[in-house]
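Novice: After the structure tokens below, expect a handful of questions from me.
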Amino acid sequence: MSGTSPIEVFETASGMNPTSLKIVLTVIFVAGVLLAYAWAVNSGFKGFTLGNGTIWSFLILVLKGLALLICLILFFIY
């Protein structure tokens with residue numbers, strides 16, 4: 001067994017620092033959420049935007065959806 005960690009192996013195999021990969025994926029995720037918000041307010045789910053149509057009401061809608069999804073996954077797994 002060699003003394004390398006999985007992080008070192010990933011960095012050697014991909015040539016990318018894991019921290020920079022996390023930052024890039026976070027930026028992509030935030031951009032995707034903002035695009036989903038813009039789509040939902042302008043042309044998409046106008047009926048589903050709660051409250052006054054701000055980003056916070058959209059975030060609450062997304063969090064409620066995630067909570068429901070987590071409950072369903074936990075119900076069928078356990």
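The values are calculated or read from the model by the stated rules, or taken from the named source; none is laboratory data. No experiment lies behind these values; they were computed from the predicted model shown. All Cβ positions, even for glycine, are placed from backbone atoms using ideal geometry, and neighbour counts span all protein chains on display.
Novice: How many residues does segment 16-36 hold that are over 18 Å from residue 63 (Cβ atoms) and either in a helix (DSSP H, G or I) or within 12 Å of the chain's Cα centre (by Cα) (or both)?
Specialist: 11
One line per residue, one yes/no per condition, for (1) modelled with pLDDT of 75 or more; (2) on the phi > 0 side of the Ramachandran plot; (3) not in a helix (DSSP H, G or I):
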| position | (1), (2), (3) |
| --- | --- |
| 2 | no, no, yes |
| 38 | yes, no, no |
| 41 | no, no, no |
| 48 | no, no, yes |
| 51 | no, yes, yes |
